[in-house]
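The values are calculated or read from the model by the stated rules, or taken from the named source; none is laboratory data. What you are looking at is a predicted structure, and each value in this text was computed from that prediction instead of being measured. Positions of Cβ are backbone-derived with ideal geometry, glycine not excepted, and every protein chain shown enters the neighbour counts. Protein only, heavy atoms only, side chains kept; ligands, DNA and RNA dropped before computing areas. Shrake-Rupley method; radii C 1.70, N 1.55, O 1.52, S 1.80 Å.
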Amino acid sequence: MYSCKKCPGYCCSYPLIALERRDVERLARHFALPYDVAERKFTRTAWGRKWTMRRKADKHYGRICQFFDTEKRCCTIYKARPSVCRSFPGEGRCGYYDFLMFERRAQNDPAFVALTNHS
Ligand code: SF4
Ligand code: SF4
């Protein structure tokens, strides 16, 4: 019903990507870092949450997850990605993907990156 491989990564551009302690532990293990180093390097306290994902610049969305490859448009830590990324979008369809495919058909451009703000 959707293919993340054909998607520019809407879900990775969320301002808030909330992490749990076990997500930070998984990142620490993945990068062979002590927990406190991983916590400092990869997370920041924001949105009333102790751990949220740090982000970086992106040409399409403005900001995106620090672990997103902005050229290949994919996750660079797939096996170590946080729980929230594992569970999104759930069973069945992805609304972002439906939106993307609708716009690509409407624009007759298979590479079009549909956005809602065109400023
Ligand atoms: S927005 Fe949907 S299709 Fe795109 S990467 Fe995320 S889950 Fe995959
Ligand atoms: S960890 Fe991977 S899947 Fe999760 S938001 Fe970042 S780039 Fe996307």
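Some values worked out for this structure:
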read-out: The chain, relative contact order [Cα under 8 Å, separation at least 6], %; value: 29 percent
read-out: 5 Å-binned pair-distance histogram of the chain (Cα, whole percent); value: 2, 11, 19, 22, 19, 13, 8, 5, 2, 0
read-out: Over the chain: helical MRE at 222 nm, DSSP H runs n ≥ 4 each giving -39500 (n - 2.57), nearest 500; value: -8500 deg cm²/dmol
read-out: Sites matching chymotrypsin sites (Phe, Trp or Tyr not before Pro) across segment 1-58 that sit in DSSP coil, with at most 11 neighbouring C-beta atoms within 10 Å; value: TRP47
read-out: Rounded tilt (10° steps) of 95-107 against the dominant C-alpha axis of the chain; value: 30 degrees
read-out: Carbon plus sulfur fraction of accessible area for the chain, probe 1.4 Å, in percent; value: 54 percent
read-out: Modelled FRET efficiency - R0 22 Å, GLU103 with GLU71, Cβ distances, 0.05 increments; value: 0.55
read-out: Lys, Arg +1 and Asp, Glu -1 on Cβ, resulting dipole of segment 12-87 about Cα centre, debye, nearest 20; value: 60 debye
read-out: For segment 12-87, accessible area per residue (1.4 Å probe, heavy atoms of protein chains only), Å²; value: 61 Å²
